[in-house]
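Undergrad: My structure is below; once you've seen it, I'll send some questions.
The values are calculated or read from the model by the stated rules, or taken from the named source; none is laboratory data. Bear in mind that the values here come from a model prediction, so they are computed numbers and not experimental data. Note that each Cβ is placed from the backbone with ideal geometry, even for glycine, and that neighbours are counted across all protein chains shown. Surface areas here come from the heavy atoms of the whole protein model, side chains and all, with no ligands, DNA or RNA. Shrake-Rupley method; radii C 1.70, N 1.55, O 1.52, S 1.80 Å.
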Amino acid sequence: MDRSLHARYGLKRVVNASGRMSILGVSAPTDTVMEAMKHGGQHYVEIADLVDKAGEFIAGILGSEGAVVVNSASSGITLSVAAIVTGGDRRRSLRLHQEPIHKNEIIMLKGHNVQYGAPVETMVFLGGGRVVEVGYANEGRKEHIEEAICDSTAAILYVKSHHTVQKNMISVEEAWEVAERRGVPLIVDAAAEEDILKYVKVSDLAIYSGSKAIEGPTSGIIGGKKKYVEWVKVQLHGIGRSMKVGKETTFGLLQALEEYQHKADNSAQEKAALEALQPLSGLQGVAVTVVQDEAGRAIYRGRVQIDAAAAGMDAKKVNDLLREGEIAVYTRDYGVKQGYFDIDPRSLQGNDLEVIVSRIKEILGGRKDV
């Protein structure tokens, strides 16, 4: 692998065992996606026409009435909220945050108001909404949402993510049933979800990352009912101007979407590849297992459990040393306080698994193999 540009700018080699995470650049697009980006970047186009034509193409793939490309799933939340609280009114959109909007409450389950790199509620407030949390951290029911609906309610926001509380929470279909019955728009943040056809069917606006499951450039997609998508487009001339999308990004995303429709399921191979971690089980105080994704997706990860007393070091310290090495190894580290971290195989390249095993052996007093 050519590391010359990394060296030129003083950047470390990174082993991404954390998954498609924004802090590491999310995904590595294919050569054909990069070629599409090159074409888009090196040729001129009427941007307004590109917005419309790209949206029509994406809507055809999603099976939605409309769609629009945005620069991230986070901006998708903000622009969707802004669209609904302003009702697509151009003046109110241009003067967002300058004049009061009274129908601005966005109902969310408490267990969905998470920090994913930024708080969900921050994106809502940026779009002119005010979060109304309902339910409890360990329980979210239909009546919790329904009882909070009032004259100030603008929309319901449902977050489908591994970051959110999974236990005792209603499904997106149940939230949609309440929204439809009460005539309240439902926004679904499905940023990292792999089933991009599902959520436009159970929402008014569904938000996807263009760079996670789809593996395109840094971008986002909002798909849904045509009226609401058109309201989102109005925001592109207001706060959306600070979130604009380059033509090269749009071309790359369109190519990635075309490829995604025919993407092979590699979960079995990825699960099998994790067998390379098993030698770590021979280290004192280390156990390796394979676990499935918390949100039920067909994603498998190697879990490295560390008994601090036996290993002489806790999981957090091992994880910190992995990240701070000459080669920066990033794991999925949500469980370090519980004594483990996970190895996500989806973004690994070349000899990355060998590097991970070698570094953990080295840190815990084992032999350095590579």
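Undergrad: What is the distance in Å between the Cα centres of segment 309-350 and segment 106-185?
TA: One Cα centre to the other: 33 Å.
Undergrad: On a 0 to 90 degree scale, rounded to 10, what angle separates helix 247-260 from the longest Cα axis of the chain?
TA: So the helix axis and the longest Cα principal axis differ by about 70 degrees.
Undergrad: Next up: Write down the radius of gyration of the chain and its Dmax, each obtained from C-alpha positions, in Å.
TA: For the chain, the Cα radius of gyration and maximum Cα-Cα distance read 22.1, 66 Å.
Undergrad: What full-extension length gain, to one decimal in nm, is calculated for TYR9 and HIS237 as 0.36 nm per residue of separation minus the Cα-Cα distance?
TA: 78.6 nm
Undergrad: Now a separate question. Between ALA328 and GLU230, what is 0.36 nm times their sequence separation minus the Cα-Cα distance? Round to one decimal in nm.
TA: So the extension gain works out to 30.9 nm.
Undergrad: Hey, any idea what % of segment 110-233's accessible area is carbon plus sulfur with a 1.4 Å probe?
TA: The C+S portion of the solvent-accessible surface of segment 110-233 is 49 percent.
Undergrad: By average Cβ neighbour count within 10 Å, what is the ranking of 138-146, 204-212, 297-305 from highest down?
TA: 204-212, 297-305, 138-146
Undergrad: Compute the acute angle (0 to 90°) between the alpha-carbon long axis of helix 172-182 and the principal axis of greatest extent of the alpha-carbon atoms of the chain; round to the nearest 10°.
TA: So the inclination is approximately 10 degrees.
Undergrad: Which one of VAL132, VAL124, VAL14 has the biggest mean-square fluctuation once the chain is modelled by GNM with Cα springs under 10 Å?
TA: VAL14
Undergrad: For segment 133-147, what does the Karplus curve 6.51 cos²θ - 1.76 cosθ + 1.60, with θ = phi - 60°, yield as ³J(HN,Hα) per residue in whole Hz, taken in order and with x for Gly and Pro?
TA: Here the 3J(HN,Hα) series is 7, 10, x, 9, 4, 10, 7, x, 10, 4, 5, 4, 5, 4, 5 Hz.
Undergrad: Let me ask you something else. Taking all protein chains together and a probe of 1.4 Å, list THR218, THR86 from the most accessible to the least accessible.
TA: THR218, THR86
Undergrad: Shifting gears a bit: What is the angle, in °, between the Cα long axis of helix 315-324 and the longest principal axis of the Cα atoms in the chain? Nearest 10 is fine, range 0 to 90.
TA: The two axes meet at around 90 degrees.
Undergrad: Can you give the accessible area per residue of segment 76-180, in Å², using a 1.4 Å probe?
TA: Result: 45 Å² per residue.
Undergrad: In percent, what relative contact order does the chain have, based on Cα pairs under 8 Å that are 6 or more apart in sequence?
TA: Here the relative contact order equals 22 percent.
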